[in-house]
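The values are calculated or read from the model by the stated rules, or taken from the named source; none is laboratory data. These numbers come from a predicted model, not from an experiment. Every residue, glycine among them, receives a Cβ derived from its backbone with ideal geometry; neighbour counts consider all protein chains shown. With ligands, DNA and RNA removed, areas are computed over all heavy atoms of the protein, side chains included. Shrake-Rupley method; radii C 1.70, N 1.55, O 1.52, S 1.80 Å.
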Amino acid sequence: MREITYAEALREGLRQAMTADPSVFAIGEDIGVYGGAFGVTAGLLNEFGAERIIDTPISEAGIAGACVGAALTGMRPVGEIQFMDFVTLTMEQIVLQAAKVRFMFGGKASVPMVLRTPSGSGTGAAAQHSESLENWFVHVPGLKVVMPSSAYDAKGLLLAAIDDNNPVIFVEHKLLYKTKGHVPEEMYRVPLSQTNVVREGKHVTVVATSVMVSRAVQAAEELAKEGIELEVIDPRTLKPLDDAPIIESVKKTGRALVVHEAVEMGGFGGEIVARIAGSEAFDYLEAPVRRLAGLDIPIPYNRELEYHTVPQVENIVREARKLARGEY
Amino acid sequence: MFANGQLQPEVIRRYHEVIESLGPEFLKAMLQDMHTIRAFEERAEQLYGLGKVHGTMHLSIGQEATAVGASNALQDGDYLLNHHRGHGHCLAWGSDVNRMMAEFVGKETGYCRGRGGSMHIADVDSNNLGANGIVAGGVPIAVGVGLSIKMRKTQQVCMVIFGDGAANEGAFHESLNMASIWKLPVIYLCENNQYAMSMPVQKAFTIENISTRATAYNIPGVTVDGNDPLAVYLAVQEAAERARRGDGPSLIESKTYRYKGHSKSDRQAYRTRDEVNEWMEQRDPIMRFSALLTTAGVVSEDEANGMRDQAIKIIDDAVAFSDASPAPDVSSLLEGVYA
Ligand SMILES: Cc1ncc(C[n+]2csc(CCOP(=O)(O)OP(=O)(O)O)c2C)c(N)n1
Ligand SMILES: [Mg+2]
């Protein structure tokens, strides 16, 4: 099968959605002639014109508001916030408007919008361009939160998110844009709220999101040489969460490690741990459920400091090995 | 001031007075600083090319006059809120080039101990409250600094520098209005370099001059030639006097041009090479100021030519300093989050 990058997969998904449905359009900063800060929309201006690939001034609250208003009135906007850090400037429109309008209006309106945004560190962009803020949105009823970890999921989840009649926060990762994977040419969907078992294994369940999924798979490959088999699970949609495959897996392995880049305290990992602890999997646990996540500090600029701020393959190997050997 | 490379006689007359009042030493230092800024930026780009810099950078080559004109119009004790394209402003403010270079390459001896990098250089001891990674991030902070000055009853002023792009963030409008209603000692300096990343000002505004937005907040608004350090100097000086008198904020738009791409990876598909060349050849701020000062007899041709070499030497020394500096130790990773 054909291999393309995560960025190309997103572009193809967006292109297909825009071709199939005239109500779909894209709006954001530098998404036209520049092609988006990470190149996701490159070339789409030529294909669809400036009325459907809309370059905006630097006005994030305006972009979010424009998406809400257009979505309320029959369009399916796909907004781009250039770096996830800048969602902080959209919070009122997303949290107090997009998320709540349907409920407040007694179910009589809907906000079918997608807000795409790149998260994460690893590029030396320092503290104001490296945030992983997905869990802020997980805390808001009315929103859906999606985090694709592969090129295949990126396209399929984007198309499903565009189809969805709710506001979807679509969290991409800077380090994934250039990674390649098999991506079918047709317009397929990866359904929202469908957790994916990425790799099967019987000793430790590793629940990972976004860029941590491939790191967990690499860790699994290394530990397999020692006879330790990790089961790597990617929720893909953080909210609403399909937790059944996670609970099933922990019933099998009796051990669980949750890995994400965002800061540990108050992060999504806490939710996964709580789901496991509050489920029938509790009786099967043979070890404490552990988390491995970003340190409780802003992302530093210096390359080595940055590297040590978030989980790397060797950290996952070490933690999972400790769990498997009962050395926690 | 310059038409087809020729200095117009009336310009020399217009500037005669201000040149007299500033004196040769001051003017020479301004020109030297412009050279130093350019040399810093050129070396920054080179170091980036050599893979010595992690992350990104925003170069201000072509915009040196705004930085030097603005900072020189203020006094010790005044405050600076800088933006992402801020190396020049930081140098013009008088910050130490060695520590800037060290920060740029992520060393422990850098202004931010290697934690901030190019986009976050701050020199708090000299009231340089830092560059900012967030477009318009510093603009509302200026309200707080202005309030603090007023409450502490000092004679300080706060200059906040931001780009044309920042003027389209909501925070810009809230900030100008608050500073206006409370008559805060704030100088809003909008460095209009014609583009916000790929967005030309012609597409992001329907007004000719961003300074006209001052009208909505009932404060003075002026547009100056941002490639002329004296024009910037005079405008900032007037705004500072007004602020110190207690008459409130001003908005100054300084029209200039960025020669390099927005950041490290920019194909510049949104503009033509001809446009860039025209600015470089016809309106280069260093070339113009150098010609003005030599024509006015303030510096000799030899002195003017030597300034570039001097700048390169300053930067060589800064690179030697940063090369010899230690990297931050990983064991210190958790430091500095809480007071
Ligand atoms: C809130 C926010 N939105 C977007 C960005 C990304 N970004 C960084 S600089 C920039 C362009 C800024 O343009 P302008 O204010 O004119 O300053 P210039 O870069 O031209 O100096 C953009 C879009 C950002 N850093 N912060
Ligand atoms: Mg600009």
Yeah, the stretch A:125-209 with a ≥ b ≥ c from its alpha-carbon gyration tensor (a/c under 1.5 is rounded, else prolate when a/b outruns b/c, oblate otherwise) is rounded
Among A:Lys174/A:Lys252; B:Lys203/B:Lys260; A:Lys100/A:Lys239; A:Lys155/A:Lys178, the pairs whose Cα-Cα distance exceeds 24 Å are A:Lys174/A:Lys252
From most to least accessible, 1.4 Å probe, no ligand or DNA/RNA atoms counted, B:Met287, B:Met197 line up as B:Met287, B:Met197
So the angle from the long Cα axis of helix A:151-163 to the longest Cα principal axis of chain A, reported in degrees to the nearest 10, equals 50 degrees
On complex formation of B with A, accessible surface lost, both sides summed, probe 1.4 Å, nearest 100 Å², amounts to 2900 Å²
With the 1.4 Å probe rolled over protein heavy atoms, the stretch B:40-173 has an accessible area per residue in Å² of 30 Å²
Listed by chain and number, the residues whose amide H is under 5 Å from that of A:Glu231, excluding neighbours fewer than 5 places away on the same chain and using placed H, are A:Gly201, A:His203, A:Val204, A:Thr205, A:Val206
Residue-normalised value, i.e. accessible area per residue, for the stretch A:196-325 at 1.4 Å probe, in Å², stands at 40 Å²
Expected output for the stretch A:295-315, residues with a loss of 10 Å² or more in accessible area relative to the chain alone at probe 1.4 Å, reads A:Leu295, A:Asp296, A:Ile297, A:Pro298, A:Pro300, A:Tyr301, A:Asn302, A:Arg303, A:Glu304, A:Leu305, A:His308
The percentage of Cα-Cα pairs in chain A separated by more than 36 Å is 17 percent
Carbon/sulfur accessible area of the stretch A:1-128, % of total, 1.4 Å probe, equals 59 percent
With +1 on the Cβ of every Lys and Arg and -1 on the Cβ of every Asp and Glu, the dipole magnitude of the stretch B:199-273 about its Cα centre, in debye rounded to the nearest 20, is 520 debye
Among A:Phe105, A:Phe137, A:Phe38, the residue with the largest mean-square fluctuation in a Gaussian network model of chain A built from Cα contacts under 10 Å is A:Phe105
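Using a Förster distance of 45 Å, how high is the FRET efficiency between A:Tyr284 and B:Val337, based on the Cβ-Cβ distance and rounded to 0.05? Numbers along the way, then the final one.
Numbers: r = 38 Å, r/R0 = 0.84.
The calculated FRET efficiency here is 0.75.
Grab the DSSP H runs of chain A that are 4 residues or longer, score each as -39,500 (n - 2.57), total them, divide by all residues and round the 222 nm result to the nearest 500 deg cm²/dmol.
That calculation yields -9500 deg cm²/dmol at 222 nm.
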1/(1 + (r/R0)^6) with r = Cβ-Cβ of A:Lys252 and A:Glu314, R0 = 25 Å, i.e. FRET efficiency to nearest 0.05, evaluates to 0.45
Cα-based Rg/(2.2 N^0.38 Å) for the stretch B:1-156, rounded to two decimals, is 1.16
Among beta bridges assigned by DSSP with both residues in the stretch A:196-325, the antiparallel ones amount in percent, to the nearest 5, to 20 percent
If one builds a Gaussian network model of chain B from Cα atoms under 10 Å apart, the most fluctuating residue listed among B:Arg258, B:Arg288, B:Arg152 is B:Arg152
Ordered by number, the residues of the stretch B:290-339 that have at least 30 Å² less accessible area in the complete protein assembly than on their own chain alone (1.4 Å probe) are B:Pro328, B:Val330, B:Leu333, B:Leu334, B:Val337
Per the C-alpha gyration tensor (a ≥ b ≥ c, the square roots of its eigenvalues), the stretch A:196-325 is rounded if a/c is under 1.5, else prolate if a/b beats b/c, else oblate; here it's oblate
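Counting Lys +1, Arg +1, Asp -1, Glu -1, what net charge surrounds B:Asn227 among other residues with beta carbon under 9 Å of its beta carbon? Could you put the intermediate results ahead of the total?
Numbers: positive: B:Lys255, B:Arg283, B:Arg288; negative: B:Glu64, B:Asp225, B:Asp228, B:Asp284.
So the environment of B:Asn227 carries a net charge of -1.
About its Cα centre, what dipole magnitude does chain B give when the only charges are +1 on Lys and Arg Cβ and -1 on Asp and Glu Cβ, stated in debye to the nearest 20? Mind showing how you got there, number by number?
Details: 31 positive and 42 negative charges, 182 e Å.
Around 880 debye, computed over chain B.
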For the stretch B:256-267, Karplus-derived ³J(HN,Hα) couplings (6.51, -1.76, 1.60; θ = phi - 60°; whole Hz; x for glycine and proline) come out as 9, 8, 8, 6, 8, x, 4, 8, 4, 10, 9, 6
Of every hundred units of 1.4 Å-probe accessible area on chain B, the number belonging to carbon and sulfur atoms, as a percent, is 50 percent
Ordering B:Trp182, B:Trp93 by the accessible surface of their heavy atoms, 1.4 Å probe, largest first, yields B:Trp182, B:Trp93
Here the gain from full extension of B:Gln202 to B:Arg152, 0.36 nm per residue of separation minus their alpha-carbon distance, amounts to 13.9 nm
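Is the C-alpha gyration tensor of chain B telling us rounded, prolate or oblate? Criteria: a/c under 1.5 is rounded; beyond that, a/b larger than b/c is prolate, otherwise oblate. Mind showing how you got there, number by number?
Values: a/c = 1.35, a/b = 1.05, b/c = 1.28.
Taking the square roots of the gyration eigenvalues as a ≥ b ≥ c, chain B is rounded.
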Karplus ³J(HN,Hα) for the stretch B:126-132 (6.51 cos²θ - 1.76 cosθ + 1.60, θ = phi - 60°; Hz, whole; x = Gly/Pro) runs 9, 6, 8, 7, x, 6, 9
With every protein chain kept in place and a 1.4 Å probe, the stretch A:23-107 has an accessible area per residue in Å² of 36 Å²
With only helices counted (DSSP H, runs n ≥ 4, each -39500 (n - 2.57)), the per-residue ellipticity at 222 nm for chain B, to the nearest 500, works out to -14500 deg cm²/dmol
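Rounded to a whole number, what % of the accessible area of the stretch A:196-325 do carbon and sulfur atoms account for, probe 1.4 Å? Display every interim value, and only then the final one.
Details: 2440 of 5170 Å².
Within the stretch A:196-325, the accessible surface is 47 percent carbon and sulfur.
Under Stokes-Einstein, with the Kirkwood radius over Cα pairs standing in for Rh, what whole-number D in µm²/s applies to the stretch A:20-78 at 4 °C and 1.567 mPa s? Mind dumping the intermediate values first?
Details: Rh = 11.5 Å.
Stokes-Einstein gives a translational diffusion coefficient of 112 µm²/s.
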Given backbone amide H placed at 1.01 Å from N, residues whose amide H is under 5 Å from that of B:Tyr79, ignoring those fewer than 5 places away on the same chain, are B:Val157, B:Cys158, B:Met159
Hits in the stretch B:123-140: amide N under 13 Å from the 7 Å Cα→Cβ extension of B:Asp76, namely B:126-127
Non-local residues with an amide H under 5 Å from the amide H of A:Ile27, with H modelled 1.01 Å from N and Pro and chain starts lacking one, are A:Ile54, A:Val78, A:Gly79, A:Glu80
With R₀ set to 25 angstrom, the calculated FRET efficiency between the beta-carbons of A:Gln194 and A:Gln218, to the nearest 0.05, is 0.60
Along the stretch A:71-77, Karplus-curve 3J(HN,Hα) (6.51, -1.76, 1.60; θ = phi - 60°) to the nearest Hz, with x for Gly and Pro, reads 5, 5, 10, x, 9, 10, x
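Among the DSSP beta bridges whose two residues both lie in the protein assembly as shown, what percent are antiparallel, rounded to the nearest 5? Numbers along the way, then the final one.
On the way: 13 of 66 bridges.
Percent antiparallel among DSSP bridges in the protein assembly as shown is about 20.
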Residues of the stretch B:111-141 that bury at least 30 Å² of accessible area, probe 1.4 Å, when all protein chains are present rather than the chain alone, are B:Arg115, B:Met119, B:His120, B:Ile134
Long-range alpha-carbon pairs in the stretch A:3-182, meaning those over 27 Å apart, account in percent for 18 percent
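Could you work out the local net charge near A:Phe25, counting Lys and Arg as +1, Asp and Glu as -1, over the other residues with Cβ closer than 9 Å to its Cβ?
Values: positive: A:Arg52, A:Arg76; negative: A:Glu51.
In short, +1.
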Here the tail fraction of P(r) beyond 19 Å, over all Cα-Cα pairs of the stretch B:156-265, rounds in percent to 41 percent
When chain B is treated as a Gaussian network with springs between alpha carbons less than 10 Å apart, the largest mean-square fluctuation among B:Leu22, B:Leu230, B:Leu74 is found at B:Leu22
